[in-house]
Amino acid sequence: MDGLIQKLKALSSANEFLDFFGIEYDERVVHVNRLHILKRFYQYLHRAEGLEALNEIEMFRRYREFLVQAYQDFTTSNAATEKVFKVFQDTDGKQHVTVDALRTSLSTRRAA
């Protein structure tokens with residue numbers, strides 16, 4: 001298990017993870033959603049139970065399944081709908097800032 005974890009720690013991009021697990025992917029999907037895919041992968045891992053009891057081969061298979069699912073989430077949907085990151089959860093996918101909020105922020109920064 002430690003061997004797999006050490007190999008995963010060396011990976012840094014969604015492309016590297018997908019390549020490592022031998023998952024075919026559309027570069028356009030990954031380019032637009034790379035951080036969302038990795039975050040969703042982490043969420044699936046975090047919710048999973050019993051991973052620590054698996055041997056390295058079984059763990060590789062489970063991790064691969066989670067990454068496939070994370071990638072597929074964004075082939076059929078988009079970041080605003082999936083709401084992986086807090087910004088999308090808080091604003092329901094809509095990005096807006098009021099003028100009053102900008103004024104308050106500016107005055108707070110000037111005071112500091």
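The values are calculated or read from the model by the stated rules, or taken from the named source; none is laboratory data. These numbers come from a predicted model, not from an experiment.
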Conditions (1) at pLDDT 95 or above; (2) among the hydrophobic types (A, V, I, L, M, F, W, C); (3) within 15 Å of the chain's Cα centre (by Cα): number failed by residue 35
(1)
Counting only residues that are assigned to a helix (DSSP H, G or I) and modelled with pLDDT of 75 or more, which one in segment 69-100 is farthest from residue 14 (Cα to Cα)?
100
